[in-house]
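The next block holds one structure in the form of structure tokens; read it before the comments.
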Amino acid sequence: MSAGEPTQKPGLYFSHPACLEHDPRVHMPGHPDTPERLLAIESSLATADWLGWDRRLAPAAREHELELVHGARHVAGIRELSLGGGGAIDPDTFVGEASYRAALHAVGGACELARALMAGESRVGFCGLRPSGHHAEPDRAMGFCLFNNVAIAAELAIRELGAGRVFILDWDVHHGNGTAEAFRRRSDVLFASIHQSPLYPGTGALADMGSGPGEGYTINLPVAAGSGEELWLSLIERVVIPAARAFEPDLVLVSAGFDAHERDPLANCRLRSSSFAEMARHVRDLVQPRDRPLGLVLEGGYEPAALAESVERTLAAVGGKEPARSTAAEPPLSSRAAAHIGRYWAL
Ligand SMILES: [Zn+2]
């Protein structure tokens, strides 16, 4: 099909081979952010005939798009480091010769996803691209992230695509500090993050709810190591979704990391692949009655098989009709979950 026409397929899937060329292992053998992560996702989805989704190549972002969120000096710094052969930014974050180009496609895919969704070409889409973005602050790359893909897509939607309000849910197990910083003082972007704490990067305290005109538009929900589906789904259903519904977003974006999976080597939460599908159903049920678009952008997830299975279950969930399971009919919350939710509402 040609761009611009509504697709009859369940969703849009953006990928690009340049994203396989970014490989931090060149600088640090054993680094967990590998191209094999994307290869595992793509091989699993290919076996499932891509769930019938419409596959598109992610275009490279233009520099003015990067500068929707990032300072020109930051953009030039990453570009020059990469084109000069690469190097380390911090002990976790590396740039190689191919990294700038990979990052341009990761940002460009998120922008193109926002454009397609806001133009009504599809109601749902996913970016299977890397490097991920949610740790990248406006003037700093960190935590494997160079540019903040999801934040740039949100800003593009507001400045150029007619969105009045954007809701970003970050269910990566690490706090999305970069996205939080980009929108800390803004009331047109509601940002909600569920993340293990303590854990890298150490930000995202419950009491941090944004600042100035953005106060109340940041929802940080730290959870302890060992937290599983019961707590995560309770927070989604009882805190995140009601807040998002009241916000009435024109576009919903998910920083979709899958490193809260029980098999992930970088964290200690206990979600299963089916847990991500359940979170996805709740988000789908938020957007569908109002006919609002939903875009998911890959962040972390470092056990390739668990990542691939979780992505496939998530995409099937957002493209499917199975209803979300309400925890309201379940036995009472564990005391820890209840205390956590109570603390949030008491603020
Ligand atoms: Zn993560």
- Check whether at least one residue in segment 325-335 is on the phi < 0 side of the Ramachandran plot, at pLDDT 95 or above and surrounded by 15 or more Cβ atoms within 10 Å (Cβ to Cβ), and report yes or no. no
- If you go through segment 41-61, how many residues are basic (Lys, Arg) and touching a helix residue (DSSP H, G or I) at 6+ places or on another chain (Cβ under 8 Å)? 1
- Query: What do you reckon, is ALA40 among the small types (Gly, Ala, Ser), surrounded by 21 or more Cβ atoms within 10 Å (Cβ to Cβ) and in contact (Cβ under 8 Å) with a residue 24 or more places away in the chain?
  - Reply: no
- Message: Could you list, ordered by first residue, the pairs with Cβ atoms under 8 Å in which the first is in segment 205-219 and under 23 Å from VAL173 (Cα atoms) and the second is part of a helix (DSSP H, G or I) and open to solvent by 40 Å² or more (accessible area, probe 1.4 Å), at least 6 apart or interchain?
- Response: LEU206/ARG343
- Flag for ARG159 being out of contact with any Lys or Arg (no Cβ under 7 Å at 6 or more places or on another chain), under 21 Å from PRO32 (Cα atoms), open to solvent by 30 Å² or more (accessible area, probe 1.4 Å) and in a helix (DSSP H, G or I): no
- Scanning segment 164-180 for residues that are more than 16 Å from the ligand (Cβ to nearest atom) and either in a helix (DSSP H, G or I) or surrounded by fewer than 24 Cβ atoms within 10 Å (Cβ to Cβ) (or both) gives GLY164, ARG165
- Among the numbered conditions (1) open to solvent by 30 Å² or more (accessible area, probe 1.4 Å); (2) touching a Gly at 6+ places or on another chain (Cβ under 8 Å); (3) within 15 Å of the ligand (Cβ to nearest atom), tell me where ASP188 comes up short. (3)
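The values are calculated or read from the model by the stated rules, or taken from the named source; none is laboratory data. Note that this is a predicted model, so its numbers are computed, not measured. Ideal geometry is used to build each Cβ from the backbone, glycine not excepted, and the neighbour counts take in all protein chains shown. Just the protein is used for accessible areas: all its heavy atoms, side chains included, with ligands, DNA and RNA removed. Shrake-Rupley method; radii C 1.70, N 1.55, O 1.52, S 1.80 Å.
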